[in-house]
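S.K.: Sharing a structure here in structure tokens format.
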Amino acid sequence: MRLGARFRHFCADIRNKDTGAATRSVILSDMYDLIIIGGGPAGVAAAVYAARKRLKTVLIAEEVGGQSVVSEGIENWIGTPNIGGVELAKAFSAHLDAVKGDVVILATHERVVSLKKIAGGFLAATKTGKEFSARAVLIASGAGRRKLDVPGADKFENKGVTYCASCDGPLFGGMDVVVVGGGNAGFETALQLLAYAKSVTLIHRHKDFKADPVTVERARAHENMHIITHAEPTEVMGEQFVTGLKYTDKDSGEVKELAISGVFAELGVIPNTDFAEGLVELDAIKRIKADPHNQRTSTLGVWAAGDCTDELYHQNNIAAGDGVKALEDIYLWIKKQ
Ligand SMILES: Cc1cc2nc3c(=O)[nH]c(=O)nc-3n(C[C@H](O)[C@H](O)[C@H](O)COP(=O)(O)OP(=O)(O)OC[C@H]3O[C@@H](n4cnc5c(N)ncnc54)[C@H](O)[C@@H]3O)c2cc1C
């Protein structure tokens with residue numbers, strides 16, 4: 001099938017699934033103005049602005065909500081003193097539903113596997129074989145969890161080693177558990193676990209924490225919270241399930257062992273940028289290099305926002321702001337074409 005015909009075919013798919021009859025104008029056109037990849041705060045904020053500016057847009061996302069969907073309580077999403085991650089994701093979906101129609105089309109539960117330059121724009125292909133083309137692209141694909149890379153971590157994943165306290169925490173009620181990582185995610189995880197676990201030991205490789213002092217103090221206030229700094233995990237021990245964690249005390253060089261039943265790893269994130277390799281410039285850890293003034297990448301016509309970029313700080317509000325900034329620039333760029 002020729003690209004144009006194939007594109008109309010895909011649009012018809014989308015019309016049937018997501019938007020009903022209202023997408024006729026999109027079916028007859030050759031390209032979208034914009035593809036947004038990602039349904040976290042960056043992608044959703046950009047889609048809301050794209051709708052207001054009447055840019056014909058398709059938002060492609062595996063899931064709507066973003067990384068903090070697993071958070072019990074987000075206390076710094078401006079305008080909401082406390083909101084659960086699931087509630088925030090629902091609010092994003094509701095906002096997308098309010099703007100979707102003949103201008104903004106949603107292609108959710110779709111994973112982009114390749115993004116290429118074509119004549120007049122870009123072509124994104126998804127894992128299910130769908131293709132979307134547009135004059136401009138905003139990559140807002142965020143990041144995923146970094147795995148614990150020590151012997152035993154793979155073997156005992158889901159048998160005591162876990163990456164989601166909200167999902168698995170209650171299974172460890174009354175047990176001794178360890179959290180690896182001293183950032184906000186590590187301390188937030190510890191705080192969640194303190195509600196059910198017998199004790200929580202947090203291991204951190206440095207002497208200082210990246211986490212906000214207020215979160216650290218909140219965790220320290222619990223009697224059953226223990227903190228070990230300047231220590232490196234070396235092995236997850238177990239038989240059928242986890243029974244312990246070995247670590248090296250970096251001050252003394254001594255190898256020590258903790259008898260615990262659960263390991264919650266909060267080691268930061270890896271950017272979701274595989275599909276963009278070769279199209280835009282990435283840094284050493286595969287984050288997309290973006291101009292902080294306007295979120296432009298090294299490739300004309302491609303913008304990037306949020307945690308998939310080399311932005312210094314990773315927060316919901318920042319990701320949303322970057323998405324909006326990108327959209328303002330994309331709008332002016334498209335109008336000039
Ligand atoms: C446990 C935890 C708690 C947090 N708590 C807070 C907090 O309290 N406050 C705060 O401000 N920040 C918090 N953060 C950080 C915040 O969640 C991130 O900074 C923010 O989500 C980044 O937004 P984003 O839109 O750039 O990307 P993400 O939120 O990572 O969203 C990426 C989106 O892209 C989609 N996607 C990824 N790859 C593809 C692909 N190939 N094709 C299609 N779609 C794709 C995903 O499905 C998702 O929709 C927390 C993070 C974690 C992990």
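The values are calculated or read from the model by the stated rules, or taken from the named source; none is laboratory data. A quick note: this is a predicted structure, and the numbers were derived from the prediction, not measured. No Cβ is skipped: glycine too gets one built from the backbone with ideal geometry, and neighbour counts run over all protein chains shown. Heads up: the accessible areas ignore ligands, DNA and RNA and are worked out on the full protein's heavy atoms, side chains in. Shrake-Rupley method; radii C 1.70, N 1.55, O 1.52, S 1.80 Å.
S.K.: If we keep just the residues of the stretch 263-286 that are open to solvent by less than 70 Å² (accessible area, probe 1.4 Å) and assigned to a loop (DSSP other than H, G, I, E, B), which is farthest from Val150 (Cα to Cα)? Lay out the reasoning, then the answer.
M.R.: To start, the set of residues in the stretch 263-286 that are open to solvent by less than 70 Å² (accessible area, probe 1.4 Å) comprises 263-269, 271-273, 275-276, 279-280, 282-283.
Right, trim to assigned to a loop (DSSP other than H, G, I, E, B) and you get 266-268, 272-273, 279, 283.
Working: Glu266: 14, Leu267: 12, Gly268: 16, Asn272: 23, Thr273: 25, Leu279: 33, Asp283: 25 Å.
Once the filter is applied, the top-ranked residue is Leu279.
S.K.: Report whether or not Ile260 is surrounded by 15 or more Cβ atoms within 10 Å (Cβ to Cβ), within 16 Å of Ser199 (Cβ to Cβ) and within 28 Å of the chain's Cα centre (by Cα).
M.R.: On the way: surrounded by 15 or more Cβ atoms within 10 Å (Cβ to Cβ): yes; within 16 Å of Ser199 (Cβ to Cβ): yes; within 28 Å of the chain's Cα centre (by Cα): no.
Judged against the criteria, Ile260 is not a match.
S.K.: Give me a count of the residues in the stretch 289-332 that are more than 25 Å from Val104 (Cα to Cα) and at pLDDT 95 or above.
M.R.: 6
S.K.: Which numbered condition trips up Ala231, out of (1) free of Cβ contacts under 8 Å to residues at least 60 places away in the same chain; (2) within 16 Å of the ligand (Cβ to nearest atom); (3) among the small types (Gly, Ala, Ser)?
M.R.: Here Ala231 meets the rest and fails (2).
S.K.: Taking the stretch 256-281 only, how many residues are over 23 Å from Leu171 (Cα atoms) and at pLDDT 95 or above?
M.R.: Result for the stretch 256-281: 12.
S.K.: Output the residues belonging to the stretch 82-106 that are part of a strand (DSSP E or B) and out of contact with any Leu (no Cβ under 7 Å at 6 or more places or on another chain).
M.R.: Ile83, Ile105
S.K.: Additional query: Which pairs turn up if I take residues in the stretch 147-173 that are aromatic (Phe, Trp, Tyr) and look for partners that are surrounded by 19 or more Cβ atoms within 10 Å (Cβ to Cβ) with beta carbon separation below 6 Å, at least 6 apart in sequence or on another chain?
M.R.: Close Cβ pairs satisfying both conditions: Phe156/Val236; Phe156/Val242; Tyr163/Ala265; Phe172/Ala197; Phe172/Gly262.
S.K.: Scan Ala320, Ala290 and give me the residue that is under 20 Å from the mean Cα position of the chain (by Cα) and not in a helix (DSSP H, G or I).
M.R.: Within the list Ala320, Ala290, the selection yields Ala290.
S.K.: Here is a follow-up. Looking at the stretch 218-234, which of its residues are of a type outside the set (S, T, N, Q) and within 25 Å of Pro170 (Cβ to Cβ)?
M.R.: Residues satisfying the conditions are Arg218, Ala219, Arg220, Ala221, His222, Glu223, Met225, His226, Ile227, Ile228, Pro233.
S.K.: Within the stretch 77-101, can you find the residues that are surrounded by 13 or more Cβ atoms within 10 Å (Cβ to Cβ) and in contact (Cβ under 8 Å) with a residue 60 or more places away in the chain?
M.R.: Trp77, Gly85, Leu88, Lys100, Gly101
S.K.: Which residue pairs have Cβ atoms under 8 Å apart, sit 6 or more places apart or on different chains, and have a first residue in the stretch 290-314 that is β-branched (Val, Ile, Thr) and a second that is open to solvent by 70 Å² or more (accessible area, probe 1.4 Å) and within 12 Å of the ligand (Cβ to nearest atom)?
M.R.: none
S.K.: Now for a different question. With respect to Ser68, determine if the residue is of a type in the set (Gly, Ala, Ser), touching a Pro at 6+ places or on another chain (Cβ under 9 Å) and open to solvent by 20 Å² or more (accessible area, probe 1.4 Å).
M.R.: On the way: of a type in the set (Gly, Ala, Ser): yes; touching a Pro at 6+ places or on another chain (Cβ under 9 Å): yes; open to solvent by 20 Å² or more (accessible area, probe 1.4 Å): yes.
Yes; evaluated as a whole, the condition is true for this residue.
S.K.: Then there is this: Could you check the stretch 53-65 and list, in sequence order, the residues that are surrounded by 21 or more Cβ atoms within 10 Å (Cβ to Cβ), closer than 9 Å to Gly40 by Cα and not aliphatic (A, V, I, L, M)?
M.R.: The answer is Gly65, and nothing else.
S.K.: With the structure loaded, tell me whether Gly182 is under 25 Å from Asp249 (Cβ atoms) and free of Cβ contacts under 8 Å to residues at least 60 places away in the same chain or whether it fails that test.
M.R.: yes
S.K.: Does the stretch 245-257 contain any residue that is in contact with a Gly (Cβ under 7 Å, 6 or more places away or on another chain) and surrounded by 20 or more Cβ atoms within 10 Å (Cβ to Cβ)?
M.R.: No, the stretch 245-257 contains no residue that is in contact with a Gly (Cβ under 7 Å, 6 or more places away or on another chain) and surrounded by 20 or more Cβ atoms within 10 Å (Cβ to Cβ).
S.K.: Quick test for you: out of Val104, Val69, Val112, Val44, pick the one residue that is near the ligand (Cβ under 9 Å from one of its atoms) and modelled with pLDDT under 95.
M.R.: The match here is Val69.
S.K.: Do you know which residues across the stretch 290-337 are away from the ligand (no atom under 15 Å from the Cβ), under 28 Å from Ile78 (Cα atoms) and charged (D, E, K, R)?
M.R.: Asp291, Arg296, Glu328, Asp329
S.K.: Next question. Glu232 passes all but one of (1) assigned to a strand (DSSP E or B); (2) under 22 Å from Ala134 (Cβ atoms); (3) open to solvent by 40 Å² or more (accessible area, probe 1.4 Å); which number fails?
M.R.: Of (1) assigned to a strand (DSSP E or B); (2) under 22 Å from Ala134 (Cβ atoms); (3) open to solvent by 40 Å² or more (accessible area, probe 1.4 Å), only one is false for Glu232: (2).
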